[in-house]
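> Here it is, the structure in full.
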There are 4 protein chains.
Amino acid sequence: MTRIQYQECIDACLESMNACNYSYVSSLKEYDLASLRESMRLDRECADICSYAVQAMTRQSPFVAGILRLCAEICEACADESSKHIHTHCQECIDACRRCAEACRLISDAVKVYA
Amino acid sequence: MTRIQYQECIDACLESMNACNYSYVSSLKEYDLASLRESMRLDRECADICSYAVQAMTRQSPFVAGILRLCAEICEACADESSKHIHTHCQECIDACRRCAEACRLISDAVKVYA
Amino acid sequence: MTRIQYQECIDACLESMNACNYSYVSSLKEYDLASLRESMRLDRECADICSYAVQAMTRQSPFVAGILRLCAEICEACADESSKHIHTHCQECIDACRRCAEACRLISDAVKVYA
Amino acid sequence: MTRIQYQECIDACLESMNACNYSYVSSLKEYDLASLRESMRLDRECADICSYAVQAMTRQSPFVAGILRLCAEICEACADESSKHIHTHCQECIDACRRCAEACRLISDAVKVYA
């Protein structure tokens, strides 16, 4: 994979990280933050793995396949949790996380596993 | 600072991380990598702090000022080292790192230090 | 600085990261988590910079001085916020963060700035 | 899993990160660093995922199983590559990485996958 082939997935990861971190800081300001406990927890998890995935792709890590599979799994879990909440920042998270999961799967299926 | 105000700096950090990581993996393939020891070392340092800075901005960290000052310092050091080498990937690093340092200083000067 | 000279500071950073992350996940389970908003936010910031500082020390980063100064600053802020709360996990945070800030300052004062 | 149950794995990850980063900086100083290209590349990969795994365990991430499986895979690859080199820092890496891989598998097999 070259830098150009990764670009779409890098962009999707950045948007997901951005949406998750925005939802996280927004949740911390919400009146009903008690209902957002699990959402906040997953927002942080998702932002962290997306950030990790971006770095891994830009340095052409030989482990991109495994890293992106993990990223897709965490994005899906975050999207599922976000879909339980009506807050705008949660709704924005769903789309960004689902798109990211899809982009990650596309690459991880295409990349040969390190061996 | 809002997400929108950070966007230019986030983009500059991403380009710098990308250029540094590309230069890093390219250096590992060079015939004369012995001459690129310090450059490779600083590429990794610079990519890591740029990645950190991006996450910090997207989560609206109260410590953005200090983080971006540090990022600017490391970007400058990486650009200085890269300017000693004629390889294309080193030359690309110089511009990306200098632009990033400038963008980081602009924000860190504007943001009130956490107190 | 050698690995051995960093060891005490590495340990202090690890304890601080551990205490902050424990306080973070504990806060998410608290009945009164609304009162812990700022504490949770700083716990994450502190855990992240401590983790970053540990990696930087183990790879003998030439920017350790600046990184540890930043780490000390964030640890102090986290300790100050934690001291406003009576929860056991917050109290544990205070000590770990203050010790870490002290250890970071000791090293950052001793290390020559990269130049 | 509690903090105490993770402790052995956290320690193994820290030792692996430490050994990999030490081998990385030592490789950069070697006369024959050209023969250590792949080793340096994997040292960085391994140090990064170990650092990530430590943070994930201290914040009781619900994705610890997947993260540690990935960490074990990368540790094994790094140990395999290190075993091709006679340098002391490479030999130290083998043991640390193998122990870490084993500790990660022990936990990831025990932890229920997030669902």
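The values are calculated or read from the model by the stated rules, or taken from the named source; none is laboratory data. Bear in mind that the values here come from a model prediction, so they are computed numbers and not experimental data. Cβ atoms come from the backbone with ideal geometry, glycine included; neighbour counts cover every protein chain shown. These area figures cover heavy atoms from the full protein model, side chains too; ligands, DNA and RNA do not enter into them. Shrake-Rupley method; radii C 1.70, N 1.55, O 1.52, S 1.80 Å.
> For the stretch C:76-103, which positions are acidic (Asp, Glu) and closer than 15 Å to C:Tyr24 by Cα?
Kept after step one, since they are acidic (Asp, Glu), are these residues of the stretch C:76-103: C:76, C:80-81, C:92, C:95, C:102.
Once the filter is applied, which keeps residues that are acidic (Asp, Glu) and closer than 15 Å to C:Tyr24 by Cα, the stretch C:76-103 yields C:Glu81, C:Glu92.
> Identify the single condition in (1) more than 13 Å from every other protein chain (Cβ to nearest Cβ); (2) at pLDDT 95 or above; (3) open to solvent by 10 Å² or more (accessible area, probe 1.4 Å) that B:Cys97 does not satisfy, given that it satisfies every other one.
The number of the failed condition is (3).
> Moving on to the next point. Tally time: how many residues in the stretch B:22-64 are at the interface with chain A (Cβ under 10 Å from one of its Cβ atoms) and acidic (Asp, Glu)?
Looking only at that region, the number is 2.
> Also, I was wondering about something else. Tally up the residues in the stretch D:1-18 that are aliphatic (A, V, I, L, M) and within 9 Å of another protein chain (Cβ to nearest Cβ), please.
Quick first cut of the stretch D:1-18, residues aliphatic (A, V, I, L, M) only: D:1, D:4, D:10, D:12, D:14, D:17.
So of that shortlist, the ones also within 9 Å of another protein chain (Cβ to nearest Cβ) come out as D:10, D:14, D:17.
Residues meeting the conditions: 3.
> Can you name the residue in the stretch A:12-61 that is among the acidic types (Asp, Glu) and in contact (Cβ under 8 Å) with a residue 40 or more places away in the chain and is also surrounded by the fewest Cβ atoms within 10 Å (Cβ to Cβ) among such residues? Walk me through how you get there before you give the answer.
Residues of the stretch A:12-61 among the acidic types (Asp, Glu): A:15, A:30, A:32, A:38, A:43, A:45, A:48.
Right, trim to in contact (Cβ under 8 Å) with a residue 40 or more places away in the chain and you get A:15, A:30, A:38, A:43.
Details: A:Glu15: 18, A:Glu30: 18, A:Glu38: 16, A:Asp43: 29.
Only one residue tops the list, namely A:Glu38.
> Scan the stretch B:78-93 for residues that are surrounded by fewer than 20 Cβ atoms within 10 Å (Cβ to Cβ) and not hydroxyl-bearing (Ser, Thr, Tyr) and report the count. Steps first, please.
We begin by selecting, within the stretch B:78-93, every residue surrounded by fewer than 20 Cβ atoms within 10 Å (Cβ to Cβ); these are B:80, B:83-84, B:86-88, B:91-92.
Imposing the further condition that a residue be not hydroxyl-bearing (Ser, Thr, Tyr) reduces the set to B:80, B:84, B:86-87, B:91-92.
Selection size over the stretch B:78-93: 6.
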